[in-house]
1. Among Ser56, Ser44, Ile28, which residue has its Cα furthest toward the positive end of the charge dipole of the chain, with +1 on Lys/Arg Cβ and -1 on Asp/Glu Cβ?
2. Tell me the mean residue ellipticity at 222 nm calculated for the chain from its helices only (DSSP H runs of n ≥ 4, each -39500 (n - 2.57), averaged over every residue, nearest 500).
3. Apply the a/c threshold of 1.5 to the C-alpha gyration tensor of region 36-92 and tell me whether it is rounded, prolate or oblate.
4. Under a Cβ-only charge scheme (Lys and Arg +1, Asp and Glu -1), can you give me the dipole magnitude of the chain about the Cα centre, in debye to the nearest 20?
5. Given an 8 Å cut-off on Cα distances and at least 6 residues of separation, report the relative contact order of the chain as a percent.
6. For the chain, with every protein chain kept in place, what is the accessible area per residue (1.4 Å probe, Å²)?
7. Show me 78-86, 29-37 ranked by packing, highest mean number of other Cβ atoms within 10 Å first.
8. Starting from the coordinates of the alpha-carbon atoms of the chain, obtain the Kirkwood hydrodynamic radius over all distinct pairs and give the value in Å to one decimal.
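The values are calculated or read from the model by the stated rules, or taken from the named source; none is laboratory data. Remember, predicted model here, so these are calculated numbers, not experimental data. Methodologically, a virtual Cβ is constructed for each residue, glycine included, from the backbone with ideal geometry; neighbour enumeration extends over all protein chains shown. These accessible areas exclude ligands, DNA and RNA; they are computed on the full protein's heavy atoms, side chains included. Shrake-Rupley method; radii C 1.70, N 1.55, O 1.52, S 1.80 Å.
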Amino acid sequence: MTRPSHPDNDRGGLRLVLAVPLSLLTLIAVYFCWTALTIRPSGSWDHDAYAGIVLSCVLTIGAAGAATGLWLLPSVRRVMGWGWVVPAVVLGVVAGVRWGLGG
């Protein structure tokens, strides 16, 4: 006779499934944060570069916010630890500082 399985036995599979969107959102945030940090305006007249910095910062904050929002769901928090969301939050803060200082 087999015993019923414990509901926490599938955490490995659930962690793998949830790691995909969290990782993709973090990678998107990494790319746009890198873009925001590497754009250098040629001068105060270079409005296109400043617009690119602002857009990159907004997209970084959006991706980081989406990753954090996904992680805040109780079922996701139960399976995924802090280590999965901290990089996205740090990138969002960096983008916010970049936007505030030079966007």
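1. Ile28
2. Numbers: 4 runs with 76 residues, N = 103.
Value at 222 nm, helices only, nearest 500: -25000 deg cm²/dmol.
3. Values: a/c = 7.23, a/b = 3.43, b/c = 2.11.
Note, shape of region 36-92 comes out prolate.
4. Numbers: 7 positive and 4 negative charges, 80 e Å.
Using only the charged Cβ atoms, the result is roughly 380 debye.
5. Details: 101 pairs, mean separation 35.9, N = 103.
Relative contact order here is 35 percent.
6. Working: 6610 Å² over 103 residues.
Counting only protein heavy atoms, the per-residue value for the chain is 64 Å².
7. Working: 78-86: 14.4, 29-37: 19.7.
Highest-to-lowest ranking by the protection proxy: 29-37, 78-86.
8. Values: mean 1/r = 0.0662 Å⁻¹.
Its Kirkwood hydrodynamic radius stands at 15.1 Å.
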